[in-house]
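Below you'll find the structure, written out as structure tokens, and then a few comments.
The values are calculated or read from the model by the stated rules, or taken from the named source; none is laboratory data. Being a predicted model, the structure only gives us computed values, none of them experimental. We place every Cβ from the backbone using ideal geometry, glycine too, and count neighbours over all the protein chains shown. Note: accessible area is taken over every heavy atom of the protein model, side chains too, but ligands, DNA and RNA are not part of it. Shrake-Rupley method; radii C 1.70, N 1.55, O 1.52, S 1.80 Å.
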Amino acid sequence: MKNTIVLITGASSGIGEACAETFAAEGARLILWARRADKLDTVAASIRERFAVDCITHVVDVRDRDAVNKAIAALPPSWAPIDVLVNNAGLSRGLEPIHEGVIENWEEMIDTNVKGLLYVTRAVLPTMVARKSGHVINVASIAGMQAYRGGNVYGATKAAVKMLSENMQVDLNGTGVRVCTIDPGLVETEFSVVRFRGDTDRASTVYQGYQPLTAHDVADTILYVATRPAHVNIQNILLTPTAQASATVVHRT
Ligand code: NAP
């Protein structure tokens with residue numbers, strides 16, 4: 001990965017932050033995006049200090065198409081040829097059954113997880129295709145493959161990411177650009193705190209009684225995907241904690 005240019009969305013916490021550390025440890029040059037400038041700056045400062053790699057940050061809300069396009073267009077020439085795009089920014093909101101769903105939550109998830117991912121991908125892909133090289137790694141979820149109570153719209157957004165990835169694969173066939181979907185099960189990050197809007201007690205119950213995945217477990221998997229030889233394309237990886245058999249079956253003690 002030495003000097004490879006990697007753009008990671010949602011790099012201010014969780015899986016995105018862990019990806020930044022993991023890729024930095026391999027010598028990659030990082031472009032880190034998220035909305036919280038303070039968190040992003042802290043992640044970037046720590047990475048520069050520990051790994052001595054180039055790292056730039058941009059405060060970008062992936063739902064803002066103009067901001068996405070401007071951030072890509074403003075990249076200096078030495079940063080423009082992005083080699084790896086990790087489409088990680090995403091969130092869930094609420095766990096209500098569909099008939100009690102909060103429309104604003106649905107729109108936020110669709111705008112971020114689906115439309116945001118599309119905006120970023122559309123902005124980055126042309127340079128990859130022109131260079132006949134590049135790797136798009138989309139973070140979907142086990143929730144996009146299997147239903148669970150209250151997962152409804154979040155699951156649908158991740159199913160959309162999965163099908164988009166498959167279609168990207170087909171459209172990009174012959175261009176040399178690779179596409180992979182990573183489907184994590186339960187990972188302990190800020191994810192559940194965001195889902196329950198800051199209710200840390202409720203969020204912590206999600207991870208009780210078993211050993212969840214860490215953000216670094218997922219980042220290691222993403223690094224593995226990104227470091228295969230150019231002729232090898234891992235199209236999909238589902239990873240769960242050993243205690244998790246499916247979206248709904250988790251062995252808790
Ligand atoms: P997290 O700790 O909450 O991280 C989410 C990241 O996305 C944050 O850096 C957040 O940064 C960023 N983000 C959210 N909305 C954004 C927006 N509109 N524009 C730009 N950045 C945005 O949760 P995580 O678990 O690491 O989640 C990362 C990805 O993994 C998500 O796509 C999630 O759906 C997926 N996933 C998570 C799990 C799990 O159990 N944790 C399982 C399967 C899949 P800012 O708030 O600073 O913008």
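Going by accessible area, probe 1.4 Å, with all protein chains left in place, what is the ranking of Met163, Met128, largest first? Spell out each step's value before the answer.
On the way: Met163 105, Met128 0 Å².
Ranking Met163, Met128 by accessible area, largest first, yields Met163, Met128.
Distant-in-sequence amide contacts of Gly90, defined by a placed amide H-H separation under 5 Å and a gap of 5 or more residues or a different chain, comprise nothing. Among the chymotrypsin sites (Phe, Trp or Tyr not before Pro) found in the range 181-253, those both in a DSSP coil and sparsely packed, with 14 or fewer other Cβ atoms within 10 Å of their Cβ, are Tyr210. Under a no-solvent Debye model with one identical scatterer per Cα of the range 17-118, what's log10 I(q)/I(0) at q = 0.18, 0.20, 0.24 Å⁻¹? So the normalised log intensities work out to -0.92, -1.06, -1.34. Note: relative contact order over the range 5-239, using C-alpha pairs below 8 Å and six or more positions apart, is 21 percent. Sorting 138-147, 61-70 by their mean Cβ neighbour count within 10 Å, with the most densely packed peptide first, gives 138-147, 61-70.
Which three semi-axes in whole Å describe the equivalent ellipsoid of the range 5-239, each the square root of 5 times a Cα gyration tensor eigenvalue, listed largest first?
Working: eigenvalues 144, 81, 62 Å².
Each semi-axis is the square root of five times an eigenvalue, giving 27, 20, 18 Å.
Rounded to the nearest 0.05, what FRET efficiency do Thr242 and Ala80 give with R0 = 35 Å and r taken as the Cβ-Cβ distance? Could you check?
Result of the calculation: an efficiency of 0.25.
Sparsely packed loop sites in the range 183-245 (the trypsin sites (Lys or Arg not before Pro) outside DSSP H, G, I, E and B with at most 16 other Cβ atoms within 10 Å) comprise Arg197. With θ taken as phi - 60° and the Karplus curve 6.51 cos²θ - 1.76 cosθ + 1.60 applied, the whole-hertz 3J(HN,Hα) list for the range 243-252 is 6, 10, 8, 7, 4, 10, 9, 10, 7, 10 Hz, x standing for glycine and proline. Taking the average, over residues, of other Cβ atoms within 10 Å as the packing measure, peptides 152-162, 11-21, 91-101 rank 11-21, 152-162, 91-101 from highest down.
For Val179, the residues whose modelled amide H falls within less than 5 Å of its own, excluding neighbours fewer than 5 places apart on the same chain, are Val136.
Set the Förster radius R0 to 41 Å, insert the Cβ-Cβ distance between Lys2 and His99 as r into 1/(1 + (r/R0)^6), and round the FRET efficiency to 0.05.
Working: r = 53 Å, r/R0 = 1.29.
The computed FRET efficiency comes out at 0.20.
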